[in-house]
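Read the structure below first, then the notes.
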Amino acid sequence: MDSAIQRYATQVLDSLHDGVVAVDSEGFVVYVNEANTRITGLTREQVIGRHVSEVVPGSHILDVLATRKPLVGVQTRVYDHVVVSNIVPVYDRGQMVGVVSVFRDITEVLALSRQLQEALSTIDLLRESLTAVPVAEDGVIIGQSPAAQRMYVTACKAATVDSPVLIEGESGTGKEVVARLIHNRSARKDQPLIAVNCAAIPGTLLESELFGYEEGAFTGSRRGGRPGLFQLADGGTLFLDEIGDMDPGLQAKLLRALQSGEIRRVGGTTVQKVNVRIISATNRNLAQLVREKRFREDLYYRLRVIHLVLPPLRERRADLPLFLDHAVRRVCERLGRPPARFTPAALRALMAYPFPGNIRELENVVEQAVVLAEGEMIDAGDLPPDVVGADLPGTAPAERGPDDFLDLAAAGRFPTLEQVERRVLEAGLRAFDSKAELARHLGLSRATLYRKLARYGLD
C-alpha cells in the first residue's frame, strides 16, 4: 500500500470514536487505533505483537478466529468498561488473514439508562399520587407539598423491601398510619401488623409483651405461658411506636433479636426463629439520644436502615385544605351528617392556627366543629376558642409565641380549665424530651398523663 494512503487510512481510523483492534490469523494484535487506547488504557506499544488472549482474556475475537463467523452486537466487559462489538473475519484471495473488531464503549450509556429508569420510577410514583386522589391507603393524605411528596415516595419504595424502617415525627403527624401504608403495600400485607407503644408499658412488662413468657416465669403468669408480639407478628410486621422511650436493658435484648432473628420467652430456655419486619417510630430526636448515650448506637443503626421524617402540619400549609376537606367528609359520614363546609371566617382561622398537635388535633377540631355547627356551614364560632384566637384582629401568629396562650386579663377570652390543661400539655410535649420527663414535671403518673393526652388527641 502506498505510504500516503496508509497514513491517511491510519488518520481516519484514529479519528473514530469507536475502538478498533485487528489481529492476524494466529490471534496476534497487529493494529489498534487511538480510541482503543482511550477505552482500555493500554498503549499501542503494550498491545501490538501480543496475543489477544493476553491483552483481553476471554475476548470474542478468539471465537471468530475459531468459527470464521462474524459476531454482531456482542456485549462484553473490557477491564472497567462495558463495550458492544462487531467482530468480522478478514479475507485475502479467499484466505482468512485475520479478524477486525470495532467496539463502542457503552459504560456511560448504561449508567445514564439506570439513572433514567430510577427517574421514571420516581415520576410514576409521583404521578400516581397526583393523578389518583389526595388520599392513599388507610386515609394517608399525600398532598402536593414537596415534603409530603418526598415522604410518600420514600414510603412506597420502603414497601418493596423488608429492610427496617425508622419513622420520626412530632406527635400526631401520622407515624402509625404511614407504617400501615408501608405494610399494606408490601409482600407481607396478608400477614399481621402488630403495633405496640414502647412508652406506655413499663420495661419489665414490655419484655414479656414482646417476647412472651413461659408458665411460672413470674407471679401471676398465665398457665401455659403466653406468646409474645414477635411470635404473633411472625411473617408480618411489628410496629414499635415510641421506640426512643424503650428501657436501655430491653434495647440490648431487642438488638439481639433483630441480629439473630431469634427470640426466647421470659423464663424459657429454648429459642424460636421468627420472620418479622420491623418498623419503629419516635417523636424524639433519636440521633441526639445516641449522642447523649441514652439510646444504643448499634440498635439505632439497625433500626435506621430506611429513614422517614414526617413533616409537621405547620410545614405543610399548602396541604392544609386537603386535610380539612378529608377530615370533614370522614366525620360527616361517620356521624351521619350531610356534607359540611367552612365559611371564609372559619377557614381563615384554621389556616392561621399552627396545629401543634398536627393531624390528630386537626381531626379533633373538625369533629367538634361539625358537632357544634347548626347547619351545613361551619362558622368561626363553631371552632374551639384557642383556634379562633389565632385569627384575632391585630394578633398575627408571628406576633405570639406557641406557648403564649393564657390571656387572663380579658373576660371575653378567659380560658376554661380544659383549655388551660390542653395547652399546658401541648407546651409540655414541645418543652420536654420525653413523656416520662413531662409526667414527672407535672407530678402525674405516666398512665394518668397518657389518659390526658388521649383525651385531647395528643397521644
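The values are calculated or read from the model by the stated rules, or taken from the named source; none is laboratory data. If you're wondering where the values come from, they're calculated on a predicted model, not measured in any experiment. Note: ideal-geometry Cβ built from the backbone for every residue, glycine included; neighbour counts use all protein chains shown.
Miscellaneous remarks
- Filtered residues of the stretch 441-450 (kept if part of a helix (DSSP H, G or I) and either touching a Gly at 6+ places or on another chain (Cβ under 7 Å) or at pLDDT 80 or above (or both)): His441, Leu442, Thr448, Leu449, Tyr450
- If the condition is being acidic (Asp, Glu) and outside any helix (DSSP H, G or I), then the stretch 233-273 contributes Asp234, Asp241, Glu242, Asp247, Glu262.
- Residue ID - farthest from Val366 (Cα to Cα), chosen from residues in the stretch 333-348 that are assigned to a helix (DSSP H, G or I) and touching a helix residue (DSSP H, G or I) at 6+ places or on another chain (Cβ under 7 Å): Ala345
- Residue within the stretch 302-309 that is assigned by TED's automatic domain parsing to the domain that holds Ala195 and assigned to a helix (DSSP H, G or I) present: yes
- Selection from the stretch 39-50 of residues that are surrounded by 13 or more Cβ atoms within 10 Å (Cβ to Cβ) and either touching a strand residue (DSSP E or B) at 6+ places or on another chain (Cβ under 9 Å) or not assigned by TED's automatic domain parsing to the domain that holds Val90 (or both): Ile39, Thr40, Leu42, Arg44, Val47, Ile48, Arg50
- Among the residues of the stretch 33-50, those that are part of a helix (DSSP H, G or I) and out of contact with any Leu (no Cβ under 8 Å at 6 or more places or on another chain) comprise Glu34, Thr37, Arg38, Ile39, Thr40, Arg44, Glu45, Gln46, Val47.
- Selection over the stretch 6-38 of residues that are of a type in the set (Val, Ile, Thr) and either under 22 Å from Val82 (Cβ atoms) or not assigned by TED's automatic domain parsing to the domain that holds Gln95 (or both) gives a count of 6.
- Positions within the stretch 55-83 being farther than 19 Å from Val29 by Cα and assigned to a strand (DSSP E or B), in sequence order: Val72, Gly73, Val74, Gln75, His81, Val82
- For the stretch 266-316, filtered to residues that are within 15 Å of Phe239 (Cα to Cα) and in contact with a Gly (Cβ under 6 Å, 6 or more places away or on another chain), the residue that is surrounded by the fewest Cβ atoms within 10 Å (Cβ to Cβ) is Asn275.
- Being without any contact (Cβ under 8 Å) to a residue 40 or more places away in the chain, touching a Ser or Thr at 6+ places or on another chain (Cβ under 8 Å) and farther than 29 Å from Ser113 by Cβ is true of Thr43.
- Residue count for the stretch 276-332 satisfying the condition of being among the β-branched types (Val, Ile, Thr) and within 19 Å of Glu363 (Cα to Cα): 2.
- Test: residue in the stretch 375-393 that is at pLDDT below 80, in the same structural domain as Arg334 (by TED's automatic domain parsing) and surrounded by fewer than 16 Cβ atoms within 10 Å (Cβ to Cβ): yes
- Residues satisfying the stated conditions in the stretch 328-344, i.e. in contact with a Cys (Cβ under 9 Å, 6 or more places away or on another chain) and over 19 Å from Ile359 (Cβ atoms): Pro338, Pro339
- Evaluation of Met351 against the conditions (1) in a loop (DSSP other than H, G, I, E, B); (2) touching a Lys or Arg at 6+ places or on another chain (Cβ under 9 Å) shows that the sole unmet condition is (1).
- Residues of the stretch 145-181 that are crowded, with 20+ Cβ neighbours inside 10 Å, under 9 Å from the mean Cα position of the chain (by Cα) and within 29 Å of Glu426 (Cα to Cα): Met151, Tyr152, Ala155, Val165, Leu166, Ile167.
- Of all the criteria given as (1) loosely packed, with under 11 Cβ neighbours inside 10 Å; (2) of a type in the set (A, V, I, L, M); (3) under 11 Å from Phe103 (Cβ atoms), the one not satisfied by Val21 is (1).
- Matching residues, the stretch 35-68, being polar (S, T, N, Q) and touching a Lys or Arg at 6+ places or on another chain (Cβ under 9 Å): Asn36, Thr37
- Residues (under 50 Å from the mean Cα position of the chain (by Cα) and of a type outside the set (D, E, K, R)) located in the stretch 9-31: Ser15, Leu16, His17, Gly19, Val20, Val21
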